[in-house]
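The structure appears below as structure tokens.
The values are calculated or read from the model by the stated rules, or taken from the named source; none is laboratory data. Quantities reported herein were computed from a predicted structural model and do not represent experimental measurements. Heads up, the Cβs are rebuilt from the backbone with ideal geometry, glycines too, and the neighbour counts pull from every protein chain shown.
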């Protein structure tokens, strides 16, 4: 399991709202490791409005 702090680190500076693809692309461009990308890919499609919303979503998907 990837920690919320680790995921948050790679989301730093992202502009919200953002959809799932934008979030994954941003973290990939931020050199996120594969474990972070994997957990983000499990999120439901949709629009996210904050880092907290992303973390809540991946917490439910886990």
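Quick one: which helices (runs of 4 or more DSSP H) lie wholly within the chain and hold at least 3 residues that are in contact with a strand residue (DSSP E or B) (Cβ under 8 Å, 6 or more places away or on another chain)?
Passing ranges, in order: 20-29.
Each row is one residue, and each column tells you yes or no for (1) modelled with pLDDT of 95 or more; (2) in contact with a helix residue (DSSP H, G or I) (Cβ under 8 Å, 6 or more places away or on another chain).
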{"position": "4", "(1), (2)": "no, yes"}
{"position": "7", "(1), (2)": "yes, yes"}
{"position": "14", "(1), (2)": "yes, yes"}
{"position": "18", "(1), (2)": "yes, yes"}
{"position": "48", "(1), (2)": "yes, yes"}
{"position": "53", "(1), (2)": "yes, no"}
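With the requirement that a residue be more than 17 Å from residue 34 (Cβ to Cβ) and surrounded by 15 or more Cβ atoms within 10 Å (Cβ to Cβ), what does the range 1-15 give you?
4, 14 - these are the residues of the range 1-15 that are more than 17 Å from residue 34 (Cβ to Cβ) and surrounded by 15 or more Cβ atoms within 10 Å (Cβ to Cβ).
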